[in-house]
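Take a look at the structure below.
The values are calculated or read from the model by the stated rules, or taken from the named source; none is laboratory data. Computed from a predicted structure; not experimentally measured. Neighbour counts are summed over all protein chains in view; Cβ atoms, including those assigned to glycine, are modelled from backbone coordinates with ideal geometry.
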Amino acid sequence: DRTGHSSETMDATAKAHIGIQKLLQAEQDAAEIVAKAKQDKVARLKQAKAEADEEIAAYKAQRQAQFEVFSKDKLGDSGAHSKTTQSATEEELLLISQQVAGNKDTMMNMLLQSVTEVSV
């Protein structure tokens with residue numbers, strides 16, 4: 001009787017051991033699936049970030065180009081504008097110098113007359 005009973009216990013123990021092994025294997029498989037899913041998700045997020053960075057860079061470049069066109073239209077080329085301003089300034093200074101030279105004698109006489117005249 002003992003041998004039969006012992007055989008049943010061993011069968012039950014073996015079955016339990018096999019069941020535990022299956023559970024452990026299923027748990028390991030599930031952990032690998034979850035880890036792979038996490039890796040895939042991280043890879044997708046990195047790819048999405050890279051694509052977004054590219055789109056942002058392209059948008060910035062487009063807006064910068066639009067701004068430069070707008071600036072040239074509204075403000076003109078700064079180099080040409082600077083040269084034009086410099087030229088106009090030099091012309092005005094030359095004109096003022098000519099006017100001062102032409103009126104210098106008249107102004108000196110007027111100043112001398114007003115200083116030397118004594119009103120009583």
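Of note, residue 85 satisfies the criterion of being at pLDDT below 90 and of a type outside the set (Lys, Arg).
For every residue, the table says whether it meets (1) under 54 Å from the mean Cα position of the chain (by Cα); (2) surrounded by 10 or more Cβ atoms within 10 Å (Cβ to Cβ).
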position	(1), (2)
59	yes, yes
73	yes, no
83	yes, yes
88	yes, yes
91	yes, yes
109	no, yes
116	no, no
